[in-house]
Amino acid sequence: MAASADPRATERIVIENCSIATVDAHDTEYASGHVVVAGNRIESVGAGSAPDGLAGVVRRVDGTGHLVTPGLVNTHHHFYQWITRGLATDHNLFDWLVALYPTWARIDEPMARAAAQGSLAMMARGGVTTAMDHHYVYPRGSGDLSGAIIGAARDMGIRFTLARGSMDRSEKDGGLPPDFAVETLDGALAATEATIDAHHDASSDAMTRIAVAPCSPFSVSTELLRQGAELARRRGVRLHTHGSETVEEEQFCKELFGMGPTDYFESTGWLGDDVWMAHCVHMNDSDIAAFARTGTGVAHCPSSNARLAAGIARVPDMLAAGVPVGLGVDGTASNESGELHTELRNALLINRLGARREKALNARQALRLGTYGGAQVLGRAGEIGSLEAGKLADLVLWKLDTLAHASIADPVTALVFGAAAPVTLSLVNGRPVVEDNHLITVDEDAIARATRDEARRLATIAAGA
């Protein structure tokens, strides 16, 4: 599908007098600069005031005391978990999954929509302009879950990738999900392709894309992985799954397949520059080299990895090897805050507990993970992830002149090391989504009520099962 002309192309938004971190290939920054948006694209970025004589200016924003960055890109999430937050808080991954699968397997369409709204709202209010959801729980008779999730993102105005997940390895086959919580091999493949048919937009300014995303080695069959990879490449979409998250997963793969997760994924066609995997905590040198050689991407989820005691991913080593790395919230049953902007700080701090200590990551590397790195792993680095003329107008104006940040001289350090910064303006595709730290496309209070009600309804249903 070709990119369509934006009817707003002659309308301009001008942001001036702000610090700018472009996150381009040279990490260009301006202490005081401007960004001009024309329609849904960035027209210019530079030092000082915007050019004189611009026509069609519909809005001017004085960015004094602010930092402009590319919008944040979330590369791994499970929206449905918004309505099961705060449960199984002292479990490792496998025990946590076993505890929660029976509840998750009872979600329906209204629950999925409310949970998606809650997850998206929390991220968008914190500077996320591109989100993704790895949804893999499709109970029979639950309604159009994929449509509900995609509709929530469309209504909010957030750029979105649905990683249409699936599971076909249940307890009877040696997997973790209960038998009633999985699909058949043929059913999962057919439903995934139908989702691509209905929703995938391959155009350069697409707001909705679909990826093929069998859940994990311990919840899908080898055949679902193989045929899922074939489907994705036949249809020209990306591939996503969980990989190397825990020592238990590594042991599972060695016992069942006779090899570790990375070798197993390679044997099923799941390494490549069209693939990204969540977590990748337990990677040896050979695994990292394989990811670098094939261009396989990683969604780093520091808070979730800590919450589930999974370990510290070797992000500095991955970056040094040339592996594309972005940041992920992960599901809010393992990261209850549901925010990505706090993951900038958490990624930096947690990685400094690893072998490289204070040399592990710095503030600008953390910002790159959350912006351009995320765009890379979603296959959209040519369109989003940095502030450059011609790219899509997804950007965030962070307020850094209040008590929380005003005494930190460097704005990027303030954003990453400091408290969560409020968002004065967030543009997605050139349209405002957040103004003065509040969503303007949806009713936050109504979403809060809906998520509370659906969480209670799910808990009641699960308790009576």
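When you scan the stretch 266-305, how many residues do you find that are in contact with a Ser or Thr (Cβ under 8 Å, 6 or more places away or on another chain), in a helix (DSSP H, G or I) and within 17 Å of Glu343 (Cβ to Cβ)?
Number satisfying all stated conditions: 2.
Hey, any hits in the stretch 442-456 for a residue that's outside any helix (DSSP H, G or I), among the aliphatic types (A, V, I, L, M) and either out of contact with any helix residue (DSSP H, G or I) (no Cβ under 6 Å at 6 or more places or on another chain) or crowded, with 22+ Cβ neighbours inside 10 Å (or both)? I'd like the intermediate steps shown before the answer.
Filtering the stretch 442-456 down to residues outside any helix (DSSP H, G or I) leaves 442-443.
Now narrow it down to the ones that are among the aliphatic types (A, V, I, L, M): 442.
Checking the rest, the ones that are also either out of contact with any helix residue (DSSP H, G or I) (no Cβ under 6 Å at 6 or more places or on another chain) or crowded, with 22+ Cβ neighbours inside 10 Å (or both) come to none.
No: zero hits.
Specify which of the listed residues (Ala50, Ala121, Ala112, Ala99) is in contact (Cβ under 8 Å) with a residue 24 or more places away in the chain, farther than 27 Å from Asp436 by Cα and small (Gly, Ala, Ser).
On inspection, the qualifying residue turns out to be Ala112.
Yes/no per residue for (1) surrounded by 23 or more Cβ atoms within 10 Å (Cβ to Cβ); (2) part of a strand (DSSP E or B); (3) out of contact with any Pro (no Cβ under 7 Å at 6 or more places or on another chain); (4) aliphatic (A, V, I, L, M):
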residue: Thr103; (1), (2), (3), (4): no, no, yes, no
residue: Met111; (1), (2), (3), (4): yes, no, yes, yes
residue: Gly118; (1), (2), (3), (4): yes, no, yes, no
residue: Met132; (1), (2), (3), (4): yes, yes, yes, yes
residue: Gly141; (1), (2), (3), (4): no, no, yes, no
residue: Arg154; (1), (2), (3), (4): no, no, yes, no
residue: Phe160; (1), (2), (3), (4): yes, yes, yes, no
residue: Arg169; (1), (2), (3), (4): yes, no, yes, no
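Within the stretch 56-79, identify whether any single residue is modelled with pLDDT of 95 or more, in contact with a Phe, Trp or Tyr (Cβ under 6 Å, 6 or more places away or on another chain) and either of a type in the set (D, E, K, R) or exposed (fewer than 14 other Cβ atoms within 10 Å of the Cβ) (or both), and answer yes or no.
no
Being surrounded by fewer than 19 Cβ atoms within 10 Å (Cβ to Cβ), free of Cβ contacts under 8 Å to residues at least 24 places away in the same chain and out of contact with any Pro (no Cβ under 6 Å at 6 or more places or on another chain): is that true of Arg226 here?
In short, no.
Could you give me the residue pairs with C-beta distances under 7 Å whose first residue belongs to the stretch 433-450 and is farther than 14 Å from Met123 by Cβ, whose second residue is small (Gly, Ala, Ser) and surrounded by 13 or more Cβ atoms within 10 Å (Cβ to Cβ) wherever it lies, and which are 6+ apart or on separate chains?
Correct list of pairs: Ala450/Ala114.
Could you check how many residues of the stretch 350-381 are closer than 16 Å to Asp273 by Cα, outside any helix (DSSP H, G or I) and either among the hydrophobic types (A, V, I, L, M, F, W, C) or free of Cβ contacts under 8 Å to residues at least 40 places away in the same chain (or both)?
Count: 2.
Out of all the residues in the stretch 14-31, which are of a type outside the set (Asp, Glu) and at negative phi?
Of everything in the stretch 14-31, those that are of a type outside the set (Asp, Glu) and at negative phi turn out to be Val14, Ile15, Cys18, Ser19, Ile20, Ala21, Thr22, Ala25, His26, Thr28, Tyr30, Ala31.
Considering only the stretch 189-202, I want to know if a residue exists there that is in the same structural domain as Tyr80 (by TED's automatic domain parsing) and either touching a Cys at 6+ places or on another chain (Cβ under 9 Å) or in a strand (DSSP E or B) (or both).
Looking only at the stretch 189-202, we keep the residues that are in the same structural domain as Tyr80 (by TED's automatic domain parsing), and these are 189-202.
Those still in the list that are either touching a Cys at 6+ places or on another chain (Cβ under 9 Å) or in a strand (DSSP E or B) (or both) too: none.
Scanning the stretch 189-202, I find no residue that is in the same structural domain as Tyr80 (by TED's automatic domain parsing) and either touching a Cys at 6+ places or on another chain (Cβ under 9 Å) or in a strand (DSSP E or B) (or both), so the answer is no.
Would the stretch 84-97 turn up any residue that is of a type outside the set (Val, Ile, Thr), outside any strand (DSSP E or B) and on the phi > 0 side of the Ramachandran plot?
yes
The values are calculated or read from the model by the stated rules, or taken from the named source; none is laboratory data. Note that this is a predicted model, so its numbers are computed, not measured. With ideal geometry, Cβ positions are generated from the backbone for all residues, glycine too; neighbour counts draw on all protein chains shown.
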